[in-house]
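Taken together, the values in this text are just the output of simple stated rules run on the coordinates, not laboratory data. Remember, it's a predicted structure, so these values are computed and weren't measured experimentally. Neighbour counts are summed over all protein chains in view; Cβ atoms, including those assigned to glycine, are modelled from backbone coordinates with ideal geometry.
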């Protein structure tokens, strides 16, 4: 068994600011389990009278303009911590504050703050939806693929009916056009795309940040439709010394997660994250002879270390290992028997993934105005298996390095610049067809920020990357944020993105079919422009409650795209370069209201118009829901003893690939039906543990006959890729979480 280490994502040491007349400089801290004060990054700071504010940087430092209209009362808050209110004297230029974690026991009294499940950052130039740890616990959330049920922005669906692989969509386009990041560094990409969402256990995540449109040039050239950034739990910010989560459902799926933290001294701490899951029951509710979900097991280990020398440097290192096996296909299939001779269809996939990371940040001056961050990552991903008689092997070796210099010219003018390097070695084989490529991509980037505190922000950036296979990628990007009124924020963005397609792994759903892969020899890099505009309006309500409405529109225009054409022939999947138009228009509006204390409701509606040119004809892109509606209801009782969460989704019709070339019994309709899906969960909290129970797909709605030709899996019409809806019916689950601080 080969072993390799990845060095993953990263620390960006954000600049702090000088204090000056009319400005307030300070630092927000918290207290760790050793009783030592440590910086608290990304806390919110605002004047209570004017609501003008900012956020602390990664070192807990902040800089806030001050005028007579701001008053003298300052509020400091952070999700999961007890807010603090400070009176600031008129002549003060520097302050400090310490926020305590929610649930801190003081003199026998437990003080808690109700956590929002998700919120949109008011201050970020790029529209960013934060899904908090509290939000992740509102659903079963066993892994990343099950973390977006309460989000109208991200769709998650199966790629096929036998392997259990899932994919996401943003702005009506495949998740491969969105960067999946780990703490602002590339993470799930390439051959990991089909199953990568299942490699991130839900309990490991501290938060998920979802942003639409092109991202900062600091993060690379690949973002086209958006970015999903995962923040894992960190030893220096995790209060729990031991955390245990046990989960099970009525389909005999079992999971266990154990986290253990140790602080070796004031500067060095470590966190071990472990995950084990298994699904071994034979589920075939629709009676087609195929498993509705594959049998599987996964062992996932991740250990990270943090070393901090206050005021000088901060570093993190770690290593992760994933071992997974999936077995799907015919219900009676067993890989130890002569299953082919019995007319049975089998899928077997074994994955070994090794990863590690290192990141170090340094201050280059005492004030922290100038700093440098170094980031290193790499991946060794090995997958072997078969889909029926079609063998599949994939091997990816990746290395990444990023060096970022940040500083400020004045308080309003800031800069970032750096160099990066990405190396990818791909080897993919389907039966006798080999698709190997090596890409070496050095790059340079620069970004300028003009920041008038909370009123106006402009970020202009560009990067040049030199791809050994596809030549030079030039990537310009612009982000604007303007606070029109106190509670009205307008954002706009424009920029270009590039990516190279791994056509087989990114379309692995077609492997579980009899379709022939036809791949053009001259495939080019994909290139697209994205433009977006967003309006966020807050409405203050009584008793410090509020309502928020957001409206946004994004358009993606492809200059070139690798078209995966399932319509040309029902027995083939054909790949070629775009010859014509391909675009996506996405409109979304969302309203969140807290009608009374403890109760929050969110309603959202989204409209997608996605077209692609196939064989000279502009068509609706298949497997894209034109409409989506979402309604979530959350109620938490006093002291958070009980929580009740309910979600309902409306999913519009999707165009399905053309099957008119098949015999009548193997054809499908041109469009899928519309359908609703409902989820619910109840949580009871005690002092050191929670008990939760819930149900997914309460109406027991499933796609009928998801597999074409299930009666003849080796015939020319077999196809399990025509998936538009749920494969599993009503699922009841329960679990317990134990936390020891």
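Which length gain, in nm to one decimal place, applies between residue 390 and residue 700 when the Cα-Cα distance is subtracted from 0.36 nm times their residue separation?
On the way: separation 310, 0.36 × 310 = 111.60 nm, distance 3.32 nm.
Gain in length upon complete extension: 108.3 nm.
Please compute the contact order of region 280-356 in relative form: average sequence separation of alpha-carbon pairs under 8 Å and at least six residues apart, divided by the residue count, as a percent. Spell out each step's value before the answer.
On the way: 134 pairs, mean separation 22.8, N = 77.
It comes to 30 percent, rounded to a whole number.
Can you report the principal axis dimensions of region 534-660 using only the alpha carbons, biggest first, rounded to whole angstrom?
Extents along the principal axes: 59, 29, 18 Å.
For region 583-741, max minus min Cα coordinate along each principal axis, in Å, sorted largest first?
Taking max minus min along each principal axis of the Cα atoms, region 583-741 gives 62, 37, 29 Å.
How far apart, in nm, are the 7 Å Cα→Cβ label points at residue 732 and residue 37?
My value for the distance between the label points is 5.3 nm.
For residue 282 and residue 551, FRET efficiency with R0 = 60 Å and r from the beta-carbon atoms, rounded to 0.05?
0.80
For a Förster distance of 60 Å, can you work out the FRET efficiency between the beta-carbons of residue 544 and residue 664, rounded to the nearest 0.05?
Working: r = 63 Å, r/R0 = 1.05.
Rounded to the nearest 0.05, the efficiency is 0.45.
For region 118-740, calculate the relative contact order in percent as a whole number, restricting contacts to Cα pairs under 8 Å that are 6 or more residues apart. Spell out each step's value before the answer.
Values: 1762 pairs, mean separation 74.5, N = 623.
12 percent.
Using alpha-carbon pairs under 8 Å, 6+ residues apart, how would you state the relative contact order of region 440-507 in percent? It would help to have the intermediate numbers written out before the result.
Details: 114 pairs, mean separation 16.4, N = 68.
Across region 440-507, relative contact order equals 24 percent.
Cα centroids of region 501-546 and region 189-210: how far apart, whole angstrom?
15 Å
Taking the Cβ-Cβ separation of residue 419 and residue 313 as r and a Förster radius of 25 Å, what is the calculated FRET efficiency to the nearest 0.05?
Numbers: r = 20 Å, r/R0 = 0.80.
For R0 = 25 Å, the calculated efficiency reads 0.80.
Measuring from the lowest to the highest alpha carbon on each principal axis, how far does region 591-641 reach, largest first, in angstroms?
The principal-axis extents, from largest down, are 61, 18, 9 Å.
Which order do the peptides 666-678, 726-738 take when ranked by the mean count of other beta-carbon atoms within 10 Å per residue, highest first? Please report the intermediate quantities before stating the final value.
On the way: 666-678: 15.5, 726-738: 17.9.
Averaged packing, sorted descending, gives the order 726-738, 666-678.
Where both residues lie in region 146-236, what percent of DSSP beta bridges are antiparallel, nearest 5? Kindly include the intermediate steps, with their values, before the conclusion.
Values: 15 of 20 bridges.
Restricted to region 146-236, the bridges split so that about 75 percent are antiparallel.
Would you mind ranking 468, 625, 330 by Cβ crowding within 10 Å, fewest neighbours first? Display every interim value, and only then the final one.
Details: 468 13, 625 25, 330 22.
Listed from fewest to most nearby Cβ atoms, that is 468, 330, 625.
Give the dimensionless ratio obtained when the Cα radius of gyration of region 188-228 is divided by 2.2 N^0.38 Å.
On the way: Rg = 11.9 Å, N = 41, 2.2 N^0.38 = 9.0 Å.
Dividing the Cα radius of gyration by 2.2 N^0.38 Å gives 1.32.
How far apart, in nm, are the 7 Å Cα→Cβ label points at residue 434 and residue 740?
Output for this residue pair reads 5.3 nm.
Average projected area of the Cα convex hull of the chain, in nm²?
On the way: hull surface 118.0 nm².
Its Cα hull, projected and averaged over all orientations, spans 29.5 nm².
I'd like the distance separating the alpha-carbon centroids of region 436-491 and region 620-634, in whole Å.
29 Å
In nm, give the distance between the simple-model label positions of residue 258 and residue 272, each being 7 Å from the Cα along the Cα-to-Cβ direction.
0.8 nm
Can you tell me the length gained on complete extension of the stretch residue 487 to residue 86, counting 0.36 nm per residue apart and subtracting the Cα distance? The partial results should precede the final answer.
Working: separation 401, 0.36 × 401 = 144.36 nm, distance 2.22 nm.
Computed gain between residue 487 and residue 86 is 142.1 nm.
Which whole number of Å³ per residue matches the convex hull of the alpha-carbon atoms in region 426-560?
Details: hull volume 23.8 nm³, N = 135.
Hull volume normalised by residue count: 177 Å³.
What does the highest-first list of 457-465, 164-172, 536-544, 266-274 look like by mean Cβ count within 10 Å? Let's see the in-between values first.
Working: 457-465: 19.6, 164-172: 24.1, 536-544: 12.7, 266-274: 18.0.
Highest mean packing first, the order is 164-172, 457-465, 266-274, 536-544.
Take peptides 630-642, 583-595 and line them up by average Cβ neighbours within 10 Å, highest first, as a rough protection proxy. Walk me through the intermediate numbers first.
Values: 630-642: 16.2, 583-595: 18.5.
So the peptides 630-642, 583-595, ranked by packing, come out 583-595, 630-642.
How far is the Cα center of region 343-390 from the Cα center of region 587-612, in Å?
33 Å
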